[in-house]
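Notes follow the structure.
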Amino acid sequence: MVELRKITKENYEECLNLNIAESQKDFVSSTAHSLAQAWIYYDTAFPFAIYANNIMVGFIMLGYYEVEGYYTLWKFMIDEKYQNKGYGKKALRLGIDYLVNRYKVKEVYTAYYTTNHIARNLYESIGFRETGEIVGNQIGMKLIVSNMHDTLY
């Protein structure tokens, strides 16, 4: 069973110890950096630990990007020991469900690095599509929630 849990004083150190594969280091911020951003943007950042069968396996942070006026998948990572087990897809869906249920969002934005084909494929698998926006070496994507694929549970 995969679930999202708030980051608390009881689990934040475990969250800080999550690791990604060396080949992914350029694609993902450390959880320490992400939690620092969540602290600064506490009104608009929604960080969660990802648990599978009561074991922390990853981190997801959603947010509201005030400058653009939209909700976003801001940070997302699965610890290297737990990748390729389907946890990422389930956690991503749970994060989007959180935004839909809590904020009634109709669309969610994110971006991936041009060389991060794993992220692109994951996002596309649930319905994200490229927007045509390219900023630096990141390609923007948007999910229209009503188009989200339901094959995740």
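The values are calculated or read from the model by the stated rules, or taken from the named source; none is laboratory data. Only a predicted model underlies this, so the values are computations on that prediction, with no experimental measurement involved. Every residue, glycine among them, receives a Cβ derived from its backbone with ideal geometry; neighbour counts consider all protein chains shown. Accessible surface is based on the protein model in full, side chains and every heavy atom, while ligands, DNA and RNA are left aside. Shrake-Rupley method; radii C 1.70, N 1.55, O 1.52, S 1.80 Å.
If you check LEU152, LEU99, which single one turns out to be at pLDDT 95 or above and not charged (D, E, K, R)?
LEU99
Going through VAL67, VAL57, VAL108 one at a time, which residue ends up being at pLDDT 95 or above and under 21 Å from THR131 (Cα atoms)?
Of VAL67, VAL57, VAL108, the one residue that is at pLDDT 95 or above and under 21 Å from THR131 (Cα atoms) is VAL108.
Specify which of the listed residues (GLU10, GLU14, GLU22) is in contact (Cβ under 8 Å) with a residue 12 or more places away in the chain and charged (D, E, K, R).
Testing whether each residue is in contact (Cβ under 8 Å) with a residue 12 or more places away in the chain and charged (D, E, K, R) leaves just GLU14.
When you scan the range 28-59, how many residues do you find that are in a loop (DSSP other than H, G, I, E, B) and open to solvent by 50 Å² or more (accessible area, probe 1.4 Å)?
Looking only at that region, the number is 6.
Could you check ILE40 against (1) out of contact with any strand residue (DSSP E or B) (no Cβ under 7 Å at 6 or more places or on another chain); (2) at pLDDT below 90 and say which number it fails?
(2)
Looking only at residues in the range 124-139 that are in a strand (DSSP E or B) and of a type in the set (Asp, Glu), which one is nearest to VAL105 (Cα to Cα)?
Only one residue fits best here, namely GLU130.
With ILE96, ILE139 as the choices, which residue is in contact with a helix residue (DSSP H, G or I) (Cβ under 8 Å, 6 or more places away or on another chain) and within 19 Å of PHE27 (Cα to Cα)?
ILE139
Kindly list, by first and then second residue, each pair from a residue in the range 75-93 that is in a loop (DSSP other than H, G, I, E, B) to a residue that is not hydrophobic (A, V, I, L, M, F, W, C), limited to pairs with Cβ atoms under 8 Å and residues at least 6 apart or on different chains.
As it stands, the answer is ASP79/ASN19; ASP79/GLY58, since those pairs meet every condition given.
Looking at LYS142, is it closer than 25 Å to SER23 by Cα and either in a strand (DSSP E or B) or of a type in the set (Lys, Arg) (or both)?
The answer is no for LYS142.
Only one of these is closer than 23 Å to VAL2 by Cβ and either loosely packed, with under 14 Cβ neighbours inside 10 Å or in contact with a Pro (Cβ under 7 Å, 6 or more places away or on another chain) (or both): GLY127, GLY95, GLY86. Name it.
Of the residues listed, the single one that is closer than 23 Å to VAL2 by Cβ and either loosely packed, with under 14 Cβ neighbours inside 10 Å or in contact with a Pro (Cβ under 7 Å, 6 or more places away or on another chain) (or both) is GLY86.
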